[in-house]
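Structure first, commentary second.
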Amino acid sequence: MSSTYIIVTKQDGYAIAQINRPDVLNALNMALMAELVDALETLDKDNDVRCIILTGNEKAFAAGADIKEMADASAMEMLLRDQFARWDRIRKIKKPIIAAVSGFALGGGCEVVMACDMVIASETARFGQPEINLGVMPGAGGTQRLTRAVGKVKAMEMVLTGRVISAEEALRYGLINKVVPIECYLEEAKSWAKEIASKPPVAVRLAKESVLKAFDTTMEGGLEFERKNFYLLFASDDQKEGMSAFNEKRTPGWKGK
Ligand code: HXC
């Protein structure tokens, strides 16, 4: 199911979707984003896949939306193109997505990373929202997700100065989960994906949904939502299996329902 710009491979219960437009540092043009979102949605429906890794190459995860494709557009063309509506569909993917990042994750590239659920980075990874240097600002979640991830003052710094931060800084600010040497970033992401793929999939799905709910609800509404999902899991075979296995001191065998 690979396409022009996205290479998809599957193994051990997870899939890797690799952005592949290396001659322009994986700049995200509209065709690439259409393929990326299609690939993620296909993997979301694939029963062999329980976790997705999204990656680029060692030099770039993605250096942003394709500047050449936007440079001459009018506001009306941008509005009617509505290209970022497609990006919103990443938020609807139910399976966990781990971004494995090396090199540049800038502008739209950083925004795609932030739309993922966890982030493993190589020591060479660089994160930033440099749109201000192009006379614009983040347009695919940068002002919202970055602020929620790193807080107001750091988000202001990155968005208003366009300053690019290192992997170590990103780790310190809570933007990413882990930094590893460049030789290991994909292997590390694979080991996280394999671990998540070994968990009961319905519980994983509802847990992801519940964590994401925290971003767009009140505490009261979120706690209510969490509780309903928790109760719902008692309708799954996997809850009976997980708790029986604990009591019988054996390893559970998940059915995924
Ligand atoms: C189109 C891009 C690109 C981009 C790099 N390239 N980034 N093309 N859109 N975002 C192309 C370059 O034009 C060049 O092509 C090739 O990739 C290699 O890039 P260089 O600049 O030669 O590499 P280097 O000197 O190593 O510098 C790397 C870089 C720089 C620092 C990442 O490329 C850069 O600043 N890129 C733009 C980063 C950016 O501003 N991103 C935000 C984009 S706006 P040629 O053909 O010349 O060899 C955005 C808006 C999001 O993302 C809004 C909502 C989605």
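The values are calculated or read from the model by the stated rules, or taken from the named source; none is laboratory data. Nothing here was measured: the structure is a model prediction, and the numbers come from that model. Cβ placement follows ideal geometry from the backbone for every residue including glycine, while neighbour counts extend to all protein chains displayed. Accessible surface areas use protein heavy atoms only, side chains included; no ligands, DNA or RNA. Shrake-Rupley method; radii C 1.70, N 1.55, O 1.52, S 1.80 Å.
Size descriptors for the chain, from the alpha-carbon set: Rg then Dmax equal 19.0, 66 Å. Across the chain, the relative contact order, built from alpha-carbon pairs under 8 Å that are at least six residues apart, equals 16 percent.
Between L146, L186, L206, the Gaussian network model of the chain with springs among Cα atoms under 10 angstrom shows the greatest mean-square fluctuation at L206. Taking the C-alpha atoms only, the angle from helix 201-213 to the longest principal axis of the chain is near 50 degrees. What residue among S244, S191, S210 shows peak mean-square fluctuation when the chain is described by a Gaussian network model with Cα springs under 10 Å? Comparing S244, S191, S210 in a Gaussian network model of the chain, the most mobile one is S244. Between L80, L212, L223, the Gaussian network model of the chain with springs among Cα atoms under 10 angstrom shows the greatest mean-square fluctuation at L80.
Counting protein heavy atoms only, the range 128-257 has 59 percent of its accessible area on carbon and sulfur, 1.4 angstrom probe. Looking at this model, which pairs from K10/K255; K94/K190; K94/K194; K10/K249 are more than 24 angstrom apart at the alpha-carbon? Cα-Cα > 24 Å for K10/K249; rest within. Which of A121, L212, M1 sits closest to the plus end of the dipole of the chain, meaning its Cα is farthest towards the positive end, when Lys and Arg get +1 and Asp and Glu get -1 on the C-beta? With unit charges placed on the Cβ atoms, the residue in question is L212.
For the chain, the antiparallel share of DSSP beta bridges with both residues in that region comes to about 25%.
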